[in-house]
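Scroll down for the structure; my scribbles are underneath it.
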Amino acid sequence: MSIPTTRLGRTGLTVSRLALGTMTFGLQTDEATSFRILDKATEGGINFLDTADVYPLGGTVETAGRTEEIIGRWLNAKGKSRRSEFILATKAANKVGPNPWDQGNSRKHLLDAIDLSLKRLQTDHVDLYQLHHNDPHTPLDESLEALDTIVRSGRARYIGVSNFLAYRLARAIGRTELHKLTKLVSVQPRYSLLFREIERELLPLADEDGIGVIPYNPLAGGMLTGKYKPDSKPEDQTRFTLGTAGAMYQDRYWNDRSFATIAQLHALADEASVPLATLAVAWVMANPLITAPLLGASRPEQLDATLAAAEYKLDPALKLKLDELTADYRKGDAPR
């Protein structure tokens, strides 16, 4: 299998057009399974790995950092470091410790957090360091200056943000330009056939300012595999029941509107003789503003259909049908 490469925004950094998200590692999947997922993804051509200090998803303060530790051990397995073979990204902002300052985007927290992430990942730098979300309690300049310090110290090569609204990203870009700080190069938003709101403002902004887009949830938490049925209950050990994250995922996707749309999408996938998961990821990749969708898995074999999206040729007529069928998801709530 061959995965093409691209540049991250307007940087000179080359990354695979699919990336591996790792938030299942350490809770939804044990370490041995996580290693097999990493092996499968990288053997399939992925060289771009994304994680966060708060992972695994659905965990608590006590489990925070476990995912980075697993990745660090995998990168250094068999007594030989493979760090130079991969583009490694992590994030900080969520609560990861008992103290009130063990969260947010303050200078103190970010400078502490990067050091702890590097220790867990068993490396002296990450390629991309990201604010996991906006922190309304910290001045934006303070956060951006801390990121600049991290880059200038060599602990990160590039910086980005995740879960930022368009106005907040625009303001952050403006403040870095004003103060001549290290530029933001990427944004990590939620994006799929069932969540297209970023097309309205965030993607045009990214296009204008040359910001790379690394979307998560391209399968809407697994809904776009077609395995969930409207008359069933969420299965144990899935995104929809997992620890502290289950309620959030049910609120996002577990509703009549989503199931009705998925039934229609499934029909189009069957007509095209392609797995719905492959079609869903290929649709995200077909947007020229997307750098690399983040693939997630709790078992290695789940990557078969999503990795296949890299080689699947999405017919323009079929893409138009997908666009039209899910057009209301650009607006947020269902029309009334």
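What follows draws every value from the coordinates through simple rules; no lab data is involved. The structure displayed is predicted, hence computed values, not measured ones. Note: ideal-geometry Cβ built from the backbone for every residue, glycine included; neighbour counts use all protein chains shown.
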Which whole-angstrom value gives the distance between the alpha carbon centres of segment 214-242 and segment 39-99?
22
Could you work out the relative contact order of the chain? I mean the mean sequence separation of Cα pairs under 8 Å and 6+ apart, divided by the number of residues, in percent.
20
What number, in percent, do you get for the relative contact order of segment 176-321 if the mean sequence gap of Cα pairs under 8 Å and at least 6 apart is divided by its residue count?
25
Give me the mean projected area, in nm² to one decimal, of the convex hull enclosing the Cα positions of segment 41-85.
3.8
Taking the Cα centre of segment 12-114 as origin and charging only Cβ (+1 Lys, Arg; -1 Asp, Glu), how large is the dipole, in debye to the nearest 20?
260
Shape box of segment 93-175 [Cα atoms, principal axes, largest first, Å]
36, 29, 18
Could you list, in their original order, any pairs among 40/229; 183/321; 119/229; 78/229; 119/331 whose Cα atoms are separated by more than 32 Å?
183/321; 119/229; 78/229; 119/331
Just to be sure I understand, if you calculate Cα extents along the principal axes in Å for this structure, which of (1) 67, 45, 40; (2) 68, 51, 42; (3) 54, 46, 37 do you get?
(3)
Inter-label distance for residue 153 and residue 200, nm, one decimal - labels placed 7 Å from Cα along Cα-to-Cβ
3.9
Given points 7 Å out from each Cα along the Cα-Cβ axis, report the residue 304 to residue 178 separation in nanometres with one decimal.
5.4
So, by mean Cβ neighbours within 10 angstrom, what's the order for 225-235, 131-141, 89-99 with the highest one leading?
89-99, 131-141, 225-235
Place +1 on the Cβ of every Lys and Arg and -1 on the Cβ of every Asp and Glu in segment 5-330, take the dipole about the Cα centre, and give the residue among 144, 222, 20 whose Cα lies farthest towards its positive end.
144
Compactness ratio of segment 45-121: Cα Rg over 2.2 N^0.38 Å, N = residue count?
1.13
Work out the length of the dipole vector of segment 5-330 about its Cα centre, built from +1 on the beta-carbon of each Lys and Arg and -1 on the beta-carbon of each Asp and Glu, and round it to the nearest 20 debye.
580
Antiparallel %, DSSP beta bridges [both residues in the chain], to 5:
15
Neighbourhood charge, 9 Å Cβ-Cβ cut-off, centred on residue 200 and excluding it, Lys, Arg +1 and Asp, Glu -1:
0
Apply 1/(1 + (r/R0)^6) to the Cβ-Cβ distance of residue 122 and residue 330, taking R0 = 51 Å, and write down the FRET efficiency to the nearest 0.05.
0.75
Three-way shape call for segment 1-105 based on the alpha-carbon gyration tensor, with the a/c threshold at 1.5:
oblate
Which Cα, out of 283, 232, 189, lies furthest along the positive dipole direction of the chain (beta carbon charges, K/R +1, D/E -1)?
189
Which shape class, rounded, prolate or oblate, goes with segment 215-296 when its Cα gyration tensor gives a ≥ b ≥ c as root eigenvalues, a/c under 1.5 marks rounded, and past that a/b bigger than b/c marks prolate?
oblate
